[in-house]
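The values are calculated or read from the model by the stated rules, or taken from the named source; none is laboratory data. For clarity, every value in this text was computed on a predicted model and none was experimentally measured. In this analysis, Cβ positions are derived from the backbone assuming ideal geometry, glycine residues included, and neighbour counts consider all displayed protein chains.
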Amino acid sequence: MGKGKPRAVEKGVLGQNLSLLSSSSSGSSSSGSLHVPSAPVYYPNEEEFKDPLEYIYKIRPEAEAYGICKIVPPNNWKPPFALNLENFSFPTKTQAIHQLQVRPASCDSKTFELEYNRFLEEHCGKKLKRRVIFEGDELDLCKLFNGVKRFGGYDKVVKEKKWGEVSRFVRSGRKITECAKHVLCQLYQEHLYDYEEYYNRLNKGVAKGCKRKVRECKKSDCRMEFSRSKRRCKNSDGEKVKVCNKVEEEEEHDQICEQCRSGLHGEVMLLCDRCNKGWHIYCLSPPLKQVPPGNWYCFECLNSDKDTFGFVPGKHFTVEAFRRLADRAKRRWFGSGSTSRVQMEKKFWEIVEGSAGDVEVMYGSDLDTSVYGSGFPRANDQRPESVEANLWDEYCGSPWNLNNLPKLKGSMLQAVHHNITGVMVPWLYVGMLFSSFCWHFEDHCFYSMNYLHWGEPKCWYSVPGSEAGAFEKVMRSSLPDLFDAQPDLLFQLVTMLNPSVLQDNRVPVYTVLQEPGNFVITFPRSYHGGFNFGLNCAEAVNFAPADWLPHGGFGAELYKTYLKTAVLSHEELLCVVAKGDCDSKASPHIKKEMLRIYTKEKSWRERIWRSGIIKSSPMPMRKCPEYVGTEEDPACIICKQYLYLSAVVCSCRPSAFVCLEHWERICECKPRRRCLLYRHTLAELSDLVFTSDSNRFEERSPSNNLRRQISCSNESNVLTKKVKEGHVSLAELAEQWLSRANKFFHHPYLGDACATLLKEAEQFLWAGPEMDPVRDMVKRLNAAQKWAGGIRDCLLKVQNWSSGHSCDLERVPLEYIAELLNYDPMPCNEPGHLILKERAEEAWRLAQEIDSALSSCSEISMLESLYSRFCDLPIYVKESKKLSKKIASAKIWIDCAKKCISETQSAAVDIDILHKLKSEISELQIQLPETELLLDLVRKAESCQSQCKEILKAPFSLKNVEVLLQEFKKFYC
């Protein structure tokens, strides 16, 4: 490979590289020493480096246990930087680094005040009559309460002497004396200690006599509900209003769920005690299993827009302007000398933990390379003059070029049709000192690959995917107030936690120092985060080899739990991949995940069948089934997930769809009104499981065991449901249906009976291969219905035309009738086909006579007679078109011939017209009375023409001309 431009001298943008006095990953934080072990670093040779997915597959058994690793390319792999830094500009986001960990929850003080005053009134018999003052300022009780909760509650804060940290949490940037700590402790004990105990009891579910805020949905239960719960009615400001003893009749659906926009299932709808808006407990993120005790507030009322934390849009920068900003920031913190990694990490975590003051930095993050350009060469981009053409082309096609990585052979994302930014299309990152990427794992638990183009290093931290649950538990226990306000906090990518806290709780953490020209790989479900040591430029993209599939399934379930819209449909991707060619490495992963999806889908379809949903219908076929994302599926109105494999719909809400897990939530209609929509039958899905097995063509292959496993599963779990007579299985119902269907074919066709059988069959068609006999019978019934319908439709048109004889009515084509009558054997016993056959035979005879007349020289009267018979025929014969055309041409010819024959002396006839008419009559091949007269006229005209030519050949006398004119005179007479 050729050599690209050295990174350290790119356009003079880069400053001096950090002098890393310690290459180890040890460091310290304000809470103590930071000793984070290093993740593995790999140095592939040129041969190993040819295929990135193959190389990652090779190192995965070792590297995945760390969640992250670094790959240093061979020395000769140096791609040129493709962007022109002189005119490259980009937007940034402002990051408040001091608030990544130490920040109050975005709680709404009015909601806290409302709940706190209710507590005082109901449990203490008093109200908060005056403001609480601390060091001359009003004390924010909401922040104080959340601050103490952050550090484990009052008892723990007192025991561990954390009032200083609580004070920084409540009033950041101010110094606090020992006296002030004592005063803050006393104020908390006086005003909030009892409220903390009450709050904790509620969360443990042991509070008694607490009001449950559930909207009563059944009118018959209204009085009981009012007397039992003494539900408060509130105005729009959340104030209590008087409840009348007389229960007025509620309007239907008086409360609409803010998530699914449905007013149904009122018995599980929570009303916010401040804004009065409603949410179903299953529509919350994450869903609640039961109605919570005490007052309940929605997340909109709990979170203050003013205090909501996030990375706000910053200024637009050129690279040069951003370099000046980054250089000033670095000099301000570390001067102009060299700085060690230990110093960098120590200072960063001091800032994050709130002990170094307020620090804001800018970060050019998540820059869409399809808009701002990629740092890697691309075929359609303009090549810089400084880069040779062959070098450019070489790196355009390199598999390690992040623009190519997601669609390499062996990647599950090959089938994705649309360009998803950050997933299929790389993102660019331009960082400065302390700009951060917070703890998170990738969308859909994808792998990620990050390449540092140039600049100062990046410091990465990682928790392996196997420890993700432990990581989340520590995060929730360390930042309880933030998670209470935002249960989906880890989806926000705005929170950091010192790795030492994780280590203290026995969660393994590893680190990587990424330098220019290095790749960093993160593994599925691996939480990772980090920060930049200075000005740099990196690029990242996701990828998905086959071993990612089970992690992708977990990610899809996570989206469902938190009601997050997925980036793509995991089920669709899996099915598309399973239908394609898969190698021996991918096959086990595809088969295992396909079997999981099949088992889950089978379980839910059987469950809704038992519940009474017997209608079913296949979904429309995909136009491009070999690609993912060409057509957007509807989404479940509850969990927001794409409904690729199946859905439930009801006739009362035809535009609303739910997944099988939420089938009860779509409406309150009886199950029989709802319908299962499915894209594949269970038989087809089981075939996909089998197809995904790469060993299926080998004798005694594991695929045989797989078939037996699926078959035994179907046989051992006999699908039954309760009926009036006891229990009945799906197989028994199918046998009964088949018996009735067979009898149907032994009797004359009845359309209603056929339609009933087809409708009854819907409850079997979605199932597995054991229902293949039903599917075959349904094909027969559909063929019979189509054939008998065609026969009856033809007869109806024949009868209507015969009785109405209107030119506006459509006649049945003879070819269509012939197609229906040529079925052998006939699909069913439809008596009407004999009547139609008689009428068709009449049409066939007429068609033969027309053919015969057109192929011979017939008289015009015969042709007109045939056409007259056709006009009385209710069946369209295509030969009639030729007949009509011939008759029309003959009539035109007759008119022209008569005109020529009847011309007087005053008008001459052009001999060319006579010749034309003579030619036409020979082509028409029709016997006409005017033919002989015209031919005689032609002969006389030709004779006169011949005599004139003879006279003109030699000198002639006037006498000869007069004789000739006399003969012409006789010709006209």
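A few comments on the model shown:
- The number of residues in segment 477-489 being farther than 21 Å from L144 by Cβ and either acidic (D, E) or modelled with pLDDT of 85 or more (or both) comes to 1.
- With respect to being out of contact with any Phe, Trp or Tyr (no Cβ under 8 Å at 6 or more places or on another chain), at negative phi and at pLDDT 95 or above, E631 falls outside the description.
- Exclusive hit being without any contact (Cβ under 8 Å) to a residue 24 or more places away in the chain and either in the same structural domain as G410 (by TED's automatic domain parsing) or not charged (D, E, K, R) (or both), set S584, S611, S603, S617: S603
- Residue within segment 125-135 that is surrounded by 17 or more Cβ atoms within 10 Å (Cβ to Cβ), out of contact with any helix residue (DSSP H, G or I) (no Cβ under 7 Å at 6 or more places or on another chain) and over 24 Å from F311 (Cα atoms) present: no
- Candidates in segment 360-383 are the residues that are surrounded by fewer than 20 Cβ atoms within 10 Å (Cβ to Cβ) and in contact with a Phe, Trp or Tyr (Cβ under 8 Å, 6 or more places away or on another chain); of these, the one that is farthest from V430 (Cα to Cα) is R383.
- Counting only helices (runs of 4 or more DSSP H) that sit completely within segment 783-874, those holding 1 or more residues that are closer than 30 Å to P748 by Cβ and out of contact with any helix residue (DSSP H, G or I) (no Cβ under 6 Å at 6 or more places or on another chain) correspond to 814-821, 832-855.
- Flag if V387 is of a type in the set (A, V, I, L, M), over 38 Å from the mean Cα position of the chain (by Cα) and closer than 30 Å to E46 by Cα: yes
- Residues that are of a type in the set (S, T, N, Q) and over 37 Å from the mean Cα position of the chain (by Cα) within segment 350-372 comprise just one, S355.
- All positions within segment 660-690 that are part of a loop (DSSP other than H, G, I, E, B) and either in contact with a Leu (Cβ under 6 Å, 6 or more places away or on another chain) or in the same structural domain as R775 (by TED's automatic domain parsing) (or both): C667, E668, R679
- Residue count for segment 166-182, restricted to those that are more than 13 Å from S355 (Cα to Cα) and assigned to a helix (DSSP H, G or I): 6.
- Test result for Q343, modelled with pLDDT of 90 or more, surrounded by fewer than 22 Cβ atoms within 10 Å (Cβ to Cβ) and within 28 Å of L85 (Cβ to Cβ): no
- Criterion (surrounded by 14 or more Cβ atoms within 10 Å (Cβ to Cβ) and at pLDDT below 75) met by exactly one of A954, A907, A897: A897
- Taking residues in segment 250-262 that are outside any loop (DSSP other than H, G, I, E, B), and partners anywhere that are modelled with pLDDT of 75 or more, the pairs with Cβ atoms closer than 8 Å and at least 6 places apart or on different chains are C257/G263; C257/M269; C257/G278; C257/W279; C257/H280; C257/C283.
- Here E661 meets the list (1) at pLDDT 90 or above; (2) in contact with a His (Cβ under 6 Å, 6 or more places away or on another chain) almost entirely, failing just condition (2).
- Residue selected from segment 299-326 under the condition assigned to a helix (DSSP H, G or I) and in contact with a strand residue (DSSP E or B) (Cβ under 7 Å, 6 or more places away or on another chain), by the criterion modelled with the lowest pLDDT: L302
- Checked against the criterion of being at pLDDT 95 or above and either surrounded by fewer than 20 Cβ atoms within 10 Å (Cβ to Cβ) or farther than 21 Å from E442 by Cβ (or both), the candidates P52, P73 yield just one match: P73.
Each row is one residue, and each column tells you yes or no for (1) closer than 21 Å to E345 by Cα; (2) without any contact (Cβ under 8 Å) to a residue 40 or more places away in the chain; (3) more than 26 Å from the chain's Cα centre (by Cα); (4) outside the structural domain of D581 (by TED's automatic domain parsing).
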| site | (1), (2), (3), (4) |
| --- | --- |
| Y429 | yes, no, yes, yes |
| P457 | yes, no, yes, yes |
| K473 | no, yes, yes, yes |
| A485 | no, no, yes, yes |
| D488 | no, no, no, yes |
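- Counted residues, segment 149-165 - those being under 15 Å from E197 (Cα atoms) and assigned to a loop (DSSP other than H, G, I, E, B): 2
Here's the yes/no breakdown for (1) closer than 27 Å to A485 by Cβ; (2) surrounded by fewer than 24 Cβ atoms within 10 Å (Cβ to Cβ):
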{"residue": "N498", "(1), (2)": "yes, yes"}
{"residue": "N505", "(1), (2)": "yes, yes"}
{"residue": "V512", "(1), (2)": "no, no"}
{"residue": "F519", "(1), (2)": "no, yes"}
{"residue": "F523", "(1), (2)": "no, no"}
{"residue": "S526", "(1), (2)": "yes, no"}
{"residue": "F531", "(1), (2)": "yes, no"}
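- Filtered by the rule that a residue be closer than 12 Å to E770 by Cβ and touching a residue at least 40 places away in the same chain (Cβ under 8 Å), segment 724-750 gives L730, A734.
- Qualifying residue in segment 62-70 (condition: closer than 30 Å to P37 by Cβ, part of a helix (DSSP H, G or I) and not basic (K, R)): yes
- Taking the criterion of being surrounded by fewer than 12 Cβ atoms within 10 Å (Cβ to Cβ) and among the aliphatic types (A, V, I, L, M), the only residue of segment 720-772 that qualifies is V723.
- Residue within segment 853-863 that is free of Cβ contacts under 8 Å to residues at least 60 places away in the same chain and under 30 Å from F764 (Cβ atoms) present: no
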